[in-house]
Amino acid sequence: METKDTASQLIPEEFLALANDPGSLTSKTAARFGVSPHSFINWRWQMKHQVMDAAQASAVLQLEDTEKRGFSELQKLFNAGITPYYMGLMLPNIDAGDAECPIRLQALPRVEELKDSLGVADPLSEVPHSPVREVVHVYPDRVAFCVAQLCPVYCRYCFRKRRDDEVGLHFNRTIIDNGINYIASNPAIRDVLITGGDAFMASDQALEQLVQRIRAIPHVEIIRFGTRTPVTLPYRVTAKLARMLAQYHPIYVNTHFNCIEEITPEATQAVANLVNAGIPVGNQAVLLRGVNDSPERMMALCRGLLRIRARPYYVFHPHAVEGTEHLRVSVRRGIEVMKSLRGNITGLGIPTYALDTPSGKVPINHNYVLGHDGEDLILETIRGEIWREVGVFQ
Ligand SMILES: *Cc1c(COP(=O)(O)O)cnc(C)c1O
Ligand code: SF4
């Protein structure tokens with residue numbers, strides 16, 4: 001269970017320079033919220049001041065009609081909640097009154113969510129694939145362990161929205177005990193992916209207890225965290241948290257940047273804190289209409305990720321989650337966008353485009369293998385020419 005951090009631990013030193021710089025996003029957004037930048041970089045303050053309704057949002061930015069009604073009409077359907085920090089990313093577009101801002105599209109509820117012809121609640125059938133509560137076991141060697149329920153920002157396209165209706169899933173003692181017993185009694189599990197919700201939505205102490213218990217299981221080789229905090233609440237990702245986690249290496253973190261506008265100095269610091277502690281950081285984006293569904297925007301994202309040392313890992317095709325039709329893109333478009341990266345950025349910057357299914361993730365990248373002619377392999381090159389590689393197809 002959660003233990004309270006002491007006040008001194010809540011002022012993360014690595015973010016002080018940003019708080020002290022009057023021109024930083026941190027300081028400017030703190031001013032909009034009428035709070036000191038030093039309080040603003042306290043992640044508990046951010047969570048206490050999550051923007052959850054139209055009145056709070058309107059106090060800092062001009063809402064479009066579809067957004068205003070979104071807050072009120074969707075209240076009972078899907079969680080809404082946005083950290084003041086993430087609200088700050090909408091501000092550059094504020095004066096233009098730009099409802100198409102990629103940050104707004106991801107975070108502000110809109111009435112469009114009410115109409116969706118295809119959407120379902122649990123597109124991956126995770127519930128039937130959970131042998132014990134919140135442990136999703138699809139691949140023999142690894143599990144996704146959903147210990148968290150809270151998130152700093154409730155992404156409008158989240159495929160685990162179904163959990164919004166439940167209560168008491170967040171760092172729940174019984175769920176964690178049963179999950180750990182399940183992992184401990186299955187020697188095939190080498191890789192535990194701690195996720196949620198957002199895996200970093202707990203105190204350092206609660207996270208340390210959890211990691212210690214998983215690390216104590218001899219057959220678990222790697223521990224991974226799935227967290228969007230570097231993007232939605234970077235002040236949570238302190239050097240202290242990273243140093244604590246590093247005691248239990250090998251630890252990996254996968255985060256979730258979707259567009260270049262999210263790669264701020266604050267997010268850069270959060271990722272640096274992890275990487276400097278020897279924790280490799282990967283990125284899992286979701287392909288979203290108006291956010292990253294063009295070659296230019298996807299390229300900008302992947303280049304930006306390499307600059308901050310977050311390795312582009314996956315781009316997921318958006319699931320048909322209910323209420324997300326206005327954000328979905330066709331696979332045809334997705335393949336075109338992803339193909340445009342090849343040859344124009346290092347392979348390190350090219351994530352796998354994948355569609356997640358109830359039996360695992362399926363890569364849906366463009367296929368360059370055209371076939372074979374006897375023992376010759378026939379390829380399409382990245383420039384669209386035909387290439388015959390002689391004698392390699394025995
Ligand atoms: C995505 C996922 C994993 C991890 O997949 P990797 O390709 O190893 O990152 C594991 N289990 C489940 C159920 C998943 O959905
Ligand atoms: S951070 Fe992840 S789990 Fe939380 S709402 Fe966004 S996509 Fe869903």
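The values are calculated or read from the model by the stated rules, or taken from the named source; none is laboratory data. Just so you know, these numbers come straight off a predicted model, no measurement behind them. Ideal geometry is used to build each Cβ from the backbone, glycine not excepted, and the neighbour counts take in all protein chains shown. When the accessible area is computed, the model is the full protein with side chains, heavy atoms only, and any ligands, DNA or RNA have been set aside. Shrake-Rupley method; radii C 1.70, N 1.55, O 1.52, S 1.80 Å.
Arg163 passes every criterion in (1) within 16 Å of ligand 2 (Cβ to nearest atom); (2) assigned to a loop (DSSP other than H, G, I, E, B) apart from (2). The set of residues in the range 331-361 being assigned to a loop (DSSP other than H, G, I, E, B) and open to solvent by 60 Å² or more (accessible area, probe 1.4 Å) consists of Asn344, Thr346, Ser359. Taking every residue in the range 198-226 that is in contact (Cβ under 8 Å) with a residue 40 or more places away in the chain and over 17 Å from Arg44 (Cβ atoms) and pairing it with any residue that is open to solvent by less than 10 Å² (accessible area, probe 1.4 Å) and away from ligand 1 (no atom under 16 Å from the Cβ), at least 6 positions away or on another chain, the pairs with Cβ-Cβ distances below 7 Å are Val211/Leu245. One residue alone among Arg309, Arg303, Arg383, Arg388 is open to solvent by 70 Å² or more (accessible area, probe 1.4 Å) and within 30 Å of Val136 (Cβ to Cβ), and that residue is Arg309. Of the residues making up the range 106-133, those that are within 16 Å of ligand 1 (Cβ to nearest atom), in a loop (DSSP other than H, G, I, E, B) and open to solvent by 20 Å² or more (accessible area, probe 1.4 Å) number 9.
All told, Val138 meets the bar of being away from ligand 2 (no atom under 16 Å from the Cβ), surrounded by fewer than 19 Cβ atoms within 10 Å (Cβ to Cβ), within 21 Å of the chain's Cα centre (by Cα) and of a type in the set (A, V, I, L, M, F, W, C). Screening the range 141-155 for residues that are touching a His at 6+ places or on another chain (Cβ under 9 Å) and assigned to a loop (DSSP other than H, G, I, E, B) and picking the one that is farthest from ligand 2 (Cβ to nearest atom) gives Val147. Checking every residue in the range 264-276 against the condition of being under 25 Å from Pro358 (Cα atoms) and open to solvent by less than 20 Å² (accessible area, probe 1.4 Å) gives zero matches. Per the conditions (1) more than 16 Å from ligand 1 (Cβ to nearest atom); (2) open to solvent by less than 10 Å² (accessible area, probe 1.4 Å), the sole criterion not satisfied by Gly179 is (1). Could you tell me whether Gly81 is surrounded by fewer than 20 Cβ atoms within 10 Å (Cβ to Cβ) and free of Cβ contacts under 8 Å to residues at least 40 places away in the same chain? When the stated conditions are applied, Gly81 does not pass them.
Of all residues in the range 134-156, those that are within 16 Å of ligand 1 (Cβ to nearest atom) and touching a strand residue (DSSP E or B) at 6+ places or on another chain (Cβ under 9 Å) total 14.
Checked against the criterion of being touching a helix residue (DSSP H, G or I) at 6+ places or on another chain (Cβ under 7 Å), at pLDDT below 95 and open to solvent by less than 20 Å² (accessible area, probe 1.4 Å), the candidates Val321, Val281 yield just one match: Val321.
Number of residues in the range 210-232 that are open to solvent by 10 Å² or more (accessible area, probe 1.4 Å), more than 16 Å from ligand 1 (Cβ to nearest atom) and either closer than 14 Å to Ala270 by Cβ or among the charged types (D, E, K, R) (or both): the value is 2. Looking at the range 352-374, I want the residues that are free of Cβ contacts under 8 Å to residues at least 40 places away in the same chain and have a partner that is among the small types (Gly, Ala, Ser) with Cβ atoms under 7 Å, at least 6 apart or on another chain. Which pairs are those? Between residues of the range 352-374 that are free of Cβ contacts under 8 Å to residues at least 40 places away in the same chain and residues that are among the small types (Gly, Ala, Ser), the close pairs are Val362/Ala354; Pro363/Ala354.
Look through Tyr235, Tyr248 and report the one residue that is hydroxyl-bearing (Ser, Thr, Tyr) and surrounded by fewer than 19 Cβ atoms within 10 Å (Cβ to Cβ). Just a single option satisfies the conditions, and that option is Tyr248.
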